[in-house]
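S.K.: The following block contains the structure, expressed as C-alpha cells.
The values are calculated or read from the model by the stated rules, or taken from the named source; none is laboratory data. What you see is a predicted model; the values in this text were computed from it and never measured. Glycine gets a Cβ as well: all are built from the backbone with ideal geometry, and neighbour counts include every protein chain shown. Ligands, DNA and RNA are stripped out before the accessible areas are found, and what is left, the full protein with its side chains, is counted by its heavy atoms. Shrake-Rupley method; radii C 1.70, N 1.55, O 1.52, S 1.80 Å.
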Amino acid sequence: MATARGFGVDIGGSGIKGCPVDIDGGVLAEERMRIPTPQPSTPSAVADAVAEIVEKFAWTGPVGITLPCVIKDGSALSAANVDKGWIGTDAQELFAERLGRTRDDVLVLNDADAAGIAEMRAGAGAGHRGLVVVLTFGTGIGSAMFIDGQLVPNTEFGHIEVDSLDAETQAAASVKDDLELSYEEWAPRVSHYIQALEKFLWPDLIIAGGGVSKKGHKWIPLLETRTPVVAAALRNDAGIVGAATAATTRHNA
Ligand code: BGC
C-alpha cells in the first residue's frame, strides 16, 4: 500500500525549502528544493517563492507552510527575522490565493512549532511524555513546548530577556557565525540562555534543533543545564516534515 504523502514548505530568514513528505515515516519523500529567501522578504515575494516550489513538484494536495512568526488563525502577528510587512497579514489567505487553493487546503504555522511536531512524532521526542521543549537555533531561536505530546503553540522562548537582552541576539546560531565563535565559545551562551529558561520552566527534556544540531556532538555535551538536552533527529528537515504532517492531519480530520 502506498504511504500517505503531504507537502511542507519551511520559510526561514535565509532560505525557503520544500518538498513532498512521507507522512507515515516522518521523513522527506524526495530531495527538497531550496531557494534563497527574497530580500526584502515581503509577503508577496515570499508567496511567489513558495508557489515556485509547490509548482516544481506539480503538487496539488494540501500544503503546510511555516513562518518565523507568531501565527493565530492563519495570520502572522510578529516578524522578528522577516519583513515587518508580515505583521497583520492573513498568510493562510495569501498562500491559498497564490497557490490556487481553498483556505482549508493550506495550513500556516510557526516554524519552531512545525519542527517540534515532527520531532515529537518521529524524532528525538517520540514517546516522550511530560514537559518537552524544542529549541531551534538558527537566525533566531525558536521554541515549541509540548505537554504529554500536546503542543502549546507560539511560545516564543527565544525572546525571553537574559541580562536585559533579547536572548536570541546572544545565543542564536547566527551569533556564533557572526562573531566567528568556536563551539567552545558559543556553548556557554547557550547554557546561560537555557539556565534563564529553567528559572521558570522545569522541562523533562530539551531537544536542540536547527542546522547547528547536525554538529550537536560538538556542543551539546559542553552544556551545563539541569534539563537533559538531546540533538533533534530530523535536523533541518523538521520544519518541512512537521508542516506537511500538520496540514495533512487537519485536512483528513
Ligand atoms: C521568531 C519565532 C521563530 C524563531 C525561529 C524568532 O525570532 O520570533 O517566531 O520561531 O525566530 O525562526
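S.K.: Are any residues in the stretch 224-247 out of contact with any Leu (no Cβ under 6 Å at 6 or more places or on another chain) and either within 15 Å of Lys176 (Cα to Cα) or modelled with pLDDT under 95 (or both), and if so, which ones?
M.R.: Of everything in the stretch 224-247, those that are out of contact with any Leu (no Cβ under 6 Å at 6 or more places or on another chain) and either within 15 Å of Lys176 (Cα to Cα) or modelled with pLDDT under 95 (or both) turn out to be Leu234, Arg235, Asn236.
S.K.: Looking at the stretch 218-239 only, could you name the residues that are part of a helix (DSSP H, G or I) and more than 18 Å from Thr66 (Cβ to Cβ)?
M.R.: Lys218, Trp219, Ile220, Pro221, Leu222 - these are the residues of the stretch 218-239 that are part of a helix (DSSP H, G or I) and more than 18 Å from Thr66 (Cβ to Cβ).
S.K.: Follow-up question, since we're still on this one. Which condition from (1) open to solvent by 40 Å² or more (accessible area, probe 1.4 Å); (2) more than 16 Å from the ligand (Cβ to nearest atom); (3) touching a Gly at 6+ places or on another chain (Cβ under 9 Å) is the one that Lys215 breaks?
M.R.: (3)
S.K.: I need every pair where a residue in the stretch 160-180 that is within 14 Å of Gly138 (Cα to Cα) has its Cβ under 6 Å from the Cβ of a residue that is among the β-branched types (Val, Ile, Thr) and at pLDDT below 95, sequence separation at least 6 or different chains.
M.R.: Within 6 Å, the pairs are Ala173/Val212; Ser174/Thr139.
S.K.: Another question about this same structure. Among the residues of the stretch 197-211, write down those that are open to solvent by 20 Å² or more (accessible area, probe 1.4 Å) and in a helix (DSSP H, G or I).
M.R.: Gly211
S.K.: Residues being within 9 Å of the ligand (Cβ to nearest atom) and over 16 Å from the mean Cα position of the chain (by Cα): count how many of those fall in the stretch 113-141.
M.R.: 0
S.K.: On to the next question. Looking at Val108, Val54, Val82, which is the one that is aliphatic (A, V, I, L, M), surrounded by 14 or more Cβ atoms within 10 Å (Cβ to Cβ) and either away from the ligand (no atom under 14 Å from the Cβ) or more than 19 Å from the chain's Cα centre (by Cα) (or both)?
M.R.: Val54
S.K.: For the stretch 57-72: of the residues being within 14 Å of the ligand (Cβ to nearest atom) and buried (at least 20 other Cβ atoms within 10 Å of the Cβ), which is farthest from the chain's Cα centre (by Cα)?
M.R.: Result: Ile71.
S.K.: State which residue is least open to solvent (accessible area, probe 1.4 Å) when the search covers only the stretch 142-192 and only residues that are in a strand (DSSP E or B) and more than 16 Å from the ligand (Cβ to nearest atom).
M.R.: Ile147
S.K.: Now for a different question. Criterion first (part of a strand (DSSP E or B) and within 23 Å of Ala208 (Cα to Cα)) does Val108 satisfy it?
M.R.: In short, yes.
S.K.: Looking for something surrounded by 20 or more Cβ atoms within 10 Å (Cβ to Cβ), β-branched (Val, Ile, Thr) and within 16 Å of the ligand (Cβ to nearest atom) - is there at least one such residue anywhere in the stretch 17-36?
M.R.: Checked the stretch 17-36: no residue is surrounded by 20 or more Cβ atoms within 10 Å (Cβ to Cβ), β-branched (Val, Ile, Thr) and within 16 Å of the ligand (Cβ to nearest atom).
S.K.: Does the stretch 86-98 hold any residues that are open to solvent by less than 50 Å² (accessible area, probe 1.4 Å) and more than 19 Å from Gly15 (Cβ to Cβ), and which are they?
M.R.: Thr89, Gln92, Leu94, Ala96, listed by residue number.
S.K.: Which members of the stretch 37-51 meet the condition of being closer than 18 Å to Ala91 by Cβ, surrounded by fewer than 19 Cβ atoms within 10 Å (Cβ to Cβ) and of a type outside the set (A, V, I, L, M, F, W, C)?
M.R.: Pro38, Pro40, Thr42, Ser44, Asp48
S.K.: Report yes if Ser75 is modelled with pLDDT of 95 or more, among the hydroxyl-bearing types (Ser, Thr, Tyr), open to solvent by 10 Å² or more (accessible area, probe 1.4 Å) and over 24 Å from Gly158 (Cβ atoms), otherwise no.
M.R.: No, not satisfied.
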